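Peer 1: Got a structure here, written out as structure tokens. Questions coming.
The values are calculated or read from the model by the stated rules, or taken from the named source; none is laboratory data. None of the values given here were measured: they were computed from a predicted structure. Areas reflect the complete protein model, heavy atoms only, side chains present, ligands, DNA and RNA absent. Shrake-Rupley method; radii C 1.70, N 1.55, O 1.52, S 1.80 Å.
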Amino acid sequence: MRRKLIAGNWKMNELKSEGLQLAQAVFEKCGNRNLPFDVLICPPMSLLGLVADLPHGACGIGSQDVAETTKASGAFTGDVSAVMVKDLGATHAIVGHSERRTMHGETDAVVRQKAENAIQAGLTAVICIGETEAERESGDALNVVSRQIKGSVPAIATAENCVIAYEPVWAIGTGKTPTTADVAEVHTAVRAELQKLLGAEIADEMRILYGGSVKPGNAKELLAVENVDGALIGGASLKIADFWGIAETQL
Ligand code: PEP
């Protein structure tokens, strides 16, 4: 039984006081209630430790990246290792977000190494994949995500230590979303690829999130699609009314 995961990616947003307020608001919403879904917030690295130090109950806290090196520390200016992220109190780490793949040239091999580092450090890796607009238009979307799954998911991945986030690049921050039929097609293909890579037992339990312009108004429909096990939310995770509006569609 796959519990849905409602995850917020704050990206490079929020100074200290607003960020802590937003985190506090999410934690209050989660409260001590037995929610029928899991919640995760991924603040920028600057706030990760401060957010993780707040009482947060069962709410997960994630980084948006980890260093590529397998070393826990050393001469890697600007990098933060997965071990350091875990030490701050985080539970998850996003790796391979399309903004990192595009702006920082991260390849599947880099993403796989980062995912492996996160898992080895005791974090759950949230591995992002997704096709560009040109790839979708040329009918290549399924090939692209299959290649990304094969290249980015490490052999040590299990349903407990790994989550996949399918985020079509053209849907991120644009207000555009794929049809539910297209989402179903890709998520089913991703599950099939995971089955080939990791075996049916692991693949059938692994969560596959959809991400890209999820809002309170479209969340119910998108999250009802077969093989969609939650959402990775960017812009709408920065306002508690929107973030929780999405979560509440699952109550
Ligand atoms: C994201 O960047 O992970 C994302 C899904 O962004 P948005 O919800 O703003 O499209």
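Peer 1: Taking H placed 1.01 Å from N in the peptide plane, check which residues at least 5 places from residue 233 or on another chain put their amide H under 5 Å from its amide H.
Peer 2: Amide H to amide H, under 5 Å and 5 or more residues apart or across chains, residue 233 pairs with 7, 8, 9.
Peer 1: Could you tell me what percent of the accessible area of the stretch 51-185 is made up of carbon and sulfur, with a 1.4 Å probe and every protein chain present?
Peer 2: 51
Peer 1: Could you go through the stretch 31-48 in sequence order and give the Karplus-derived ³J(HN,Hα) for each residue, using 6.51 cos²θ - 1.76 cosθ + 1.60 with θ = phi - 60°, rounded to whole Hz, and x for Gly and Pro?
Peer 2: x, 9, 5, 7, 6, x, 8, 9, 10, 9, 10, 10, x, x, 4, 4, 10, 4
Peer 1: Specify the residue with the greatest mean-square fluctuation among 204, 38, 182, computed from a Gaussian network of the chain linking alpha-carbon atoms under 10 Å apart.
Peer 2: 182
Peer 1: Per residue, what accessible area does the stretch 110-251 have, given a 1.4 Å probe and all protein chains present, in Å²?
Peer 2: Computed with neighbouring chains in place, this is 39 Å² per residue.
Peer 1: Now for a separate question. Between residue 39 and residues 5 or more places away or on another chain, which pairs have amide H atoms under 5 Å apart, with H built 1.01 Å from N, and which residues are they?
Peer 2: Those lying under 5 Å, H to H, from residue 39 are 6, 60.
Peer 1: Could you give the length gained by full extension between residue 12 and residue 204, i.e. 0.36 nm per residue of separation minus their alpha carbon distance, to one decimal place?
Peer 2: Result: 65.8 nm gained on full extension.
Peer 1: Still on this model: May I ask which of 4/114; 4/71; 176/196; 11/86; 150/176; 4/239 have a Cα-Cα span longer than 29 Å here?
Peer 2: Those over the limit are 4/71; 176/196.
Peer 1: Under 5 Å between amide hydrogens, which residues at least 5 positions from residue 121 or on another chain qualify, with H placed 1.01 Å from N in the peptide plane?
Peer 2: none
Peer 1: Next question. For the chain, set up a Gaussian network in which alpha carbons nearer than 10 Å are linked by springs, and say which option among 51, 169, 80 fluctuates the most.
Peer 2: Of 51, 169, 80, the Gaussian network model singles out 80 as fluctuating most.
Peer 1: Go through the stretch 238-251 residue by residue and turn each phi into a ³J(HN,Hα) via Karplus (6.51, -1.76, 1.60, θ = phi - 60°); whole Hz please, and just put x for glycine and proline.
Peer 2: Here the 3J(HN,Hα) series is 8, 10, 4, 4, 6, 4, 6, x, 5, 4, 5, 5, 9, 7 Hz.
Peer 1: Under a 10 Å cutoff between Cα atoms, tell me which one of 12, 103, 206 has the largest fluctuation in the Gaussian network model of the chain.
Peer 2: Its mean-square fluctuation being the largest, the pick is 103.
Peer 1: Then there is this: Expressed in nm to one decimal, what extension gain is obtained for the pair residue 3 and residue 58 from 0.36 nm per residue of sequence separation less their Cα-Cα distance?
Peer 2: Between residue 3 and residue 58, full extension yields 18.4 nm more.
Peer 1: Same structure, new question: Using protein chains only and a probe of 1.4 angstrom, how many square angstrom of residue 56 are accessible, to the nearest 10?
Peer 2: Result for residue 56: roughly 40 Å² accessible.
Peer 1: Separate question: Just how much of residue 22 is accessible, in Å², when a 1.4 Å probe is used and the result is rounded to the nearest 10?
Peer 2: Rounded to the nearest 10, that gives 10 Å².
Peer 1: Shifting gears a bit: Got a number for the accessible area of residue 196? Probe 1.4 Å, square angstrom, nearest 10.
Peer 2: About 150 Å², rounded to the nearest 10.
Peer 1: Also: At 0.36 nm per residue, and after removing the present C-alpha to C-alpha distance, how many nm does the segment from residue 72 to residue 156 gain when stretched out fully?
Peer 2: 28.4 nm
Peer 1: Convert each backbone phi in the stretch 198-204 into a coupling constant with the Karplus relation 6.51 cos²θ - 1.76 cosθ + 1.60 (shift: θ = phi - 60°), then list the ³J(HN,Hα) values in order as whole Hz, x for Gly and Pro.
Peer 2: The phi angles translate into 10, x, 5, 4, 6, 4, 6 Hz.
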